[in-house]
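*Asks:* My structure is below; once you've seen it, I'll send some questions.
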Amino acid sequence: MTIDQLMAHLRDLCEKGAEFEELLEAAVQELSRMDPRFHWTGIYELFSDNVLRLGPYVGSPTDHVFIGVGNGVCGTAVAEKRNMNIPDVREISNYLACSAETRSELVVLIRSGERIHAQIDIDSHQVGAFTDEAVEMVQRVADFLAKAYEVRGNPRLEG
Ligand code: SME
């Protein structure tokens, strides 16, 4: 599937009235197939207690089901309200290891302006796996999901 086909697939699911969770699951499943370097692909959702909780993912199970804002790469992305592209996780001190094989990590926020709903987190066993093209692709999916969160509201943040 190309990224255009993936976007069309997500739009199609919406038009057919798919459940929100189904949309998240499809995004993760298809994104993980987009690049052989994406060894772990998942969504963390931000809850009103300022904790990220693991949603759907493809890859090995992780101990990091809950991540506080400010912790690790994922929590830092939320705290600093910015995407993170870490070419080599061995060079950063606050990294939370999901797998000993992980070398690079990408976090793209699913956001509506200042309001952060969730994030897409991808790990790769390869150093510097996340090229501009890969980031742009993940960003398109994140922006689409942000619209879906807007339409649905975000009961997690609204308590
Ligand atoms: N590495 C992340 C934790 C999530 S796992 O990679 C799935 C972090 O440092 O926040």
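*Asks:* What FRET efficiency comes out for Asp132 versus Asp63 if R0 is 41 angstrom and r is the Cβ-Cβ distance? Round to the nearest 0.05.
*Replies:* For Asp132 and Asp63, the calculated efficiency is 0.85.
*Asks:* Name the residue from Gly55, Ala142, Gly153 whose Cα lies farthest towards the positive end of the charge dipole of the chain, charges +1 on Cβ of Lys and Arg and -1 on Cβ of Asp and Glu.
*Replies:* Gly153
*Asks:* Once you put a point 7 Å from the Cα of Arg90 and another 7 Å from the Cα of Arg152, both along the Cβ direction, what distance in nm separates them?
*Replies:* 3.8
*Asks:* Based solely on its DSSP helices, what 222 nm [θ] is calculated for the chain when runs of n ≥ 4 H residues each add -39,500 (n - 2.57) and the sum is averaged over all residues, nearest 500 deg cm²/dmol?
*Replies:* Only helices count here, giving -12000 deg cm²/dmol.
*Asks:* Once fully extended, how much extra length lies between Asp49 and Ala8, figured as 0.36 nm per residue of separation less the alpha-carbon to alpha-carbon distance?
*Replies:* 11.3 nm
*Asks:* Under a point-charge model restricted to the Cβ atoms of Lys and Arg (+1) and Asp and Glu (-1), what is the dipole moment magnitude of the chain relative to its Cα centre, in debye to the nearest 20?
*Replies:* Around 200 debye, computed over the chain.
*Asks:* For the chain, list the DSSP H helices whose alpha carbon atoms reach 27 Å or more along the long axis and whose average Kyte-Doolittle value is -1.0 or above?
*Replies:* 132-152
*Asks:* Would you work out what percent of the accessible area of the range 1-52, with all protein chains in place, is carbon or sulfur (probe 1.4 Å)?
*Replies:* After summing per-atom areas, the C and S share lands at 47 percent.
*Asks:* At 10 °C and a viscosity of 1.306 mPa s, what translational diffusion coefficient does Stokes-Einstein give for the range 20-68, taking Rh as the Kirkwood radius over Cα pairs? Give it in µm²/s as a whole number.
*Replies:* Stokes-Einstein gives a translational diffusion coefficient of 139 µm²/s.
*Asks:* Work out how far the C-alpha atoms of the range 55-159 reach from end to end along every principal axis, then list the three figures in whole Å, largest first.
*Replies:* 37, 29, 25
*Asks:* Shifting gears a bit: Once Lys and Arg get +1 and Asp and Glu get -1 on their Cβ, which of Ile116, Val78, Gly128 lies farthest toward the positive end of the dipole of the range 50-159?
*Replies:* The one lying farthest along the dipole's positive direction is Ile116.
*Asks:* Using only the Cα atoms of the range 33-103, build the gyration tensor, take square roots of its eigenvalues as a ≥ b ≥ c, and label the shape rounded, prolate or oblate: rounded if a/c is under 1.5, else prolate if a/b is larger than b/c, else oblate.
*Replies:* Here the range 33-103 falls in the oblate category.
*Asks:* Given 10 °C and 1.306 mPa s, compute D for the range 85-136 with the Stokes-Einstein relation, Rh being the Kirkwood radius over Cα pairs; round to the nearest whole µm²/s.
*Replies:* Reported coefficient: 135 µm²/s.
The values are calculated or read from the model by the stated rules, or taken from the named source; none is laboratory data. This is a predicted model, so every value here is computed, not measured. Every residue, glycine as well, gets a Cβ built from its backbone with ideal geometry; the counts of neighbours run over all protein chains shown. Accessible surface is based on the protein model in full, side chains and every heavy atom, while ligands, DNA and RNA are left aside. Shrake-Rupley method; radii C 1.70, N 1.55, O 1.52, S 1.80 Å.
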